[in-house]
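The structure under discussion appears below in the form of structure tokens.
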Amino acid sequence: MGEIKKYTIGALVSNKSGVLTRISGLFTRRGYNIESISACTTEDPELSRMTIILNGDEYMLYQMIKQMDKLEDVKKIGCANELECVYRDLALIKVSAAPELRRNIVEVTEIYKAKVVDLSPDTMIIEITGDPVKLDAFIKVIEPFGILEMQRTGVTVLARGTHTLKDRDCYGDHIK
């Protein structure tokens, strides 16, 4: 088994029901865990874009790309090169916010360029967007205040410059 690391698989797929189920089923049947998955429509109403974060080695990556490519609904697929792409994740985090601690929480959110989007007598909901590593760091800093609930969107990624997933040029050495 090779070195375990995170890989980002990008895919353009048919925008119809059941596609997400079929793709996630491929991972399930092989016992591979999806760390993050996001799917949404694109500029083309016929296509959805999926971004899947896979923890594994290169063999797992190649197997999943190969298996996904066999599906009729997968139109384009590749592995993103993290140096040539912009990665973003969004999190909503509800924290305990006693009145005497609110100023401290706001100071932390300002440092991370997060924002308070809801305030109740005992809680705050904070929104933060950025690179997944930034979100992970923010969560560690905010944890001592008491995270009551949290939701993350999953990673989304786009290639820098003029490259697109349709070109597949931006997907580095891991193209099928």
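Its DSSP H runs of at least 4 residues, each contributing -39,500 (n - 2.57), put the calculated 222 nm mean residue ellipticity of the chain at -8000 deg cm²/dmol, to the nearest 500. Close amide H contacts of Leu158 (hydrogens built in the peptide plane, cut-off under 5 Å, sequence separation of 5 or more or a different chain): Val86. For segment 74-89, backbone phi angles converted through the Karplus equation (6.51, -1.76, 1.60; θ = phi - 60°) give residue-by-residue couplings of 8, 8, 9, 8, x, 10, 5, 8, 4, 7, 10, 9, 9, 10, 9, 9 Hz, Gly and Pro being listed as x.
Build a GNM of the chain with springs between Cα atoms under 10 Å apart, and of Ile77, Ile37, Ile111 the one that fluctuates most is Ile111. In the chain, the longest principal axis of the Cα atoms and the axis of helix 102-111 are about 40 degrees apart. Of the solvent-accessible surface of segment 4-76, computed with a 1.4 Å probe and all protein chains present, 49% belongs to carbon and sulfur.
Within straight-line reach of Lys115, meaning a Cα separation under 12 Å, sit the following aspartates and glutamates at least 8 residues removed in sequence or on another chain: Glu107, Glu127. Taking other residues whose beta carbon is less than 13 angstrom from the beta carbon of Phe138, and scoring Lys, Arg as +1 and Asp, Glu as -1, yields -2. The angle between the Cα long axis of helix 58-69 and the main principal axis of the chain comes to about 70°, on a 0 to 90 degree scale. For Gly56, neighbours were defined as the other residues whose beta-carbon sits under 12 Å from its Cβ, and their charges (Lys and Arg +1, Asp and Glu -1) total -1. Between 0 and 90 degrees, the angle of helix 132-142 with respect to the longest Cα principal axis of the chain falls at about 20 degrees. Coupling constants for segment 39-54 follow from the phi torsions by the Karplus curve (6.51 cos²θ - 1.76 cosθ + 1.60, θ = phi - 60°), and in residue order they are 9, 7, 5, 10, 5, 9, x, 7, 10, 10, 10, 10, 10, 10, 9, 10 Hz; glycine and proline get x.
With all protein chains kept in place, the per residue accessible area of segment 1-147 amounts to 54 square angstrom at a probe of 1.4 angstrom.
With 32 Å as the limit on Cα-Cα distance, the pairs of Lys5/Lys75; Lys76/Lys140; Lys5/Lys76 that go past it are Lys76/Lys140.
The values are calculated or read from the model by the stated rules, or taken from the named source; none is laboratory data. Since the structure is predicted, the reported quantities are computational estimates derived from the model, not experimental observations. We place every Cβ from the backbone using ideal geometry, glycine too, and count neighbours over all the protein chains shown. Just so you know, the surface numbers come from the protein's heavy atoms only, side chains and all, with ligands and any DNA or RNA stripped out. Shrake-Rupley method; radii C 1.70, N 1.55, O 1.52, S 1.80 Å.
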